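Q: Could you have a look at this structure, given as structure tokens, before my questions?
The values are calculated or read from the model by the stated rules, or taken from the named source; none is laboratory data. Just so it is clear, the structure is predicted and the values come from calculations on it, not from any experiment. Cβ atoms come from the backbone with ideal geometry, glycine included; neighbour counts cover every protein chain shown. When the accessible area is computed, the model is the full protein with side chains, heavy atoms only, and any ligands, DNA or RNA have been set aside. Shrake-Rupley method; radii C 1.70, N 1.55, O 1.52, S 1.80 Å.
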Amino acid sequence: MITSSAEFGTDCAVDDYLTVDPMLLLQQWLPSPYTPPALMSLATSGRDGYPRVRHVLLSEADDTAVYFHTDSRSSKVAELAEHPRAAIALAWPGVGRQIVAHGDVRLAPDDELRDAYGKRTRYLQLLAWLNDDESVALSADERRRRWAEFDTSNPKLEQPSTWTGFAIDLTEITFWRGDPDGPSQRTRFRRDGDAWTSEVLPG
Ligand SMILES: Cc1cc2nc3c(=O)[nH]c(=O)nc-3n(C[C@H](O)[C@H](O)[C@H](O)COP(=O)(O)O)c2cc1C
């Protein structure tokens with residue numbers, strides 16, 4: 001039940017809802033230290049005008065941006081090259097929370113890409129190497145055989161050339177809180193230069 005628990009984990013004080021730095025609050029709401037990383041819906045603009053959405057891991061968040069990582073050959077990368085804007089949504093129904101946000105997308109710096117790959121689980125490091133068109137064309141048995149062989153012969157992996165990642169510099173963030181004793185509350189923050197404006201909304 002989304003509003004049955006008073007346990008909201010780490011949150012800001014009620015009096016600070018409108019004045020808190022939303023990027024700090026976002027980091028407080030994420031599982032710490034992102035292990036396992038939070039799963040977020042990531043929406044981009046399709047080339048045909050239809051929105052596209054899928055789930056990715058939120059690898060990291062800092063003072064301005066959230067980061068995700070992906071394969072440079074993926075559709076989302078082509079979409080972001082044309083329209084470098086994205087929207088995200090994260091929900092924790094068990095504690096009555098949701099974050100929706102959007103912003104401007106830029107390529108993550110090289111050192112961030114390297115760090116993020118190093119922090120991925122072994123399985124995800126392998127997947128970044130072995131999940132391509134060539135693999136898709138193989139039988140399941142052959143894919144597993146190649147996976148096992150690659151795993152054994154590469155005990156330590158560096159990022160593949162297809163590994164990439166993006167920062168989304170958020171320009172609007174809306175926090176939704178359930179309340180076991182009353183209506184839910186949304187607080188919306190809009191970036192205005194270096195500052196944020198905020199308002200409380202119903203719904
Ligand atoms: C639990 C889960 C985590 C995922 N994490 C990522 C991720 O961090 N990066 C990624 O590129 N795809 C991830 N995927 C796969 C994407 O949802 C998607 O299928 C893939 O990136 C291709 O998307 P595209 O064709 O829209 O570019 C994940 C899928 C699931 C179910």
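Q: Long-range amide H contacts for Glu172: which residues qualify at under 5 Å (H placed 1.01 Å from N, peptide plane, sequence gap of 5 or more or a different chain)?
A: Here His102, Arg191 satisfy the definition.
Q: Using only Cα atoms and rounding to the nearest 10 degrees, what angle (0 to 90) does helix 140-153 make with the longest principal axis of the chain?
A: That works out to roughly 90 degrees.
Q: Further question on the same structure: So how do 157-165, 58-66 stack up, highest first, on mean other-Cβ count within 10 Å?
A: Highest mean packing first, the order is 58-66, 157-165.
Q: So how strong a dipole does the chain carry about its Cα centre when Lys and Arg Cβ are +1 and Asp and Glu Cβ are -1, to the nearest 20 debye?
A: Approximately 660 debye in magnitude.
Q: Pairs of Cα atoms under 8 Å, at least six residues apart: use those to get the relative contact order of the chain, whole percent.
A: 24
Q: Given the Cα-Cα distance of Tyr50 and Ala137 and 0.36 nm per residue of separation, how much length would full extension add, in nm?
A: 28.5 nm
Q: Give a residue-ordered list of calculated ³J(HN,Hα) values for region 121-135 (Karplus: 6.51 cos²θ - 1.76 cosθ + 1.60, θ = phi - 60°; whole Hz; x for Gly, Pro).
A: 5, 3, 4, 6, 5, 5, 4, 5, 8, 10, 10, 9, 4, 5, 5
Q: Here is a follow-up. Could you size up the charge dipole of region 120-203 around its Cα centre, putting +1 on the beta carbon of Lys and Arg and -1 on that of Asp and Glu, and report it in debye to the nearest 20?
A: Value, rounded to 20: 220 debye.
Q: Near the amide H of Glu60, under 5 Å away, which other amide H atoms are found, from residues 5 or more places off or on another chain, if H is placed in the peptide plane?
A: Placed amide hydrogens put Tyr67 under 5 Å from Glu60.
Q: Same structure, new question: Among Ser41, Ser72, Ser153, whose mean-square fluctuation peaks in a Gaussian network model of the chain (Cα, cutoff 10 Å)?
A: Ranking Ser41, Ser72, Ser153 by mean-square fluctuation puts Ser153 first.
Q: I've got another one for you. Determine the order of Val14, Val77 by accessible area, beginning with the largest, at a probe radius of 1.4 Å.
A: Val14, Val77
Q: Can you give me the C-alpha center-to-center distance between region 110-166 and region 68-103, rounded to a whole angstrom?
A: 22
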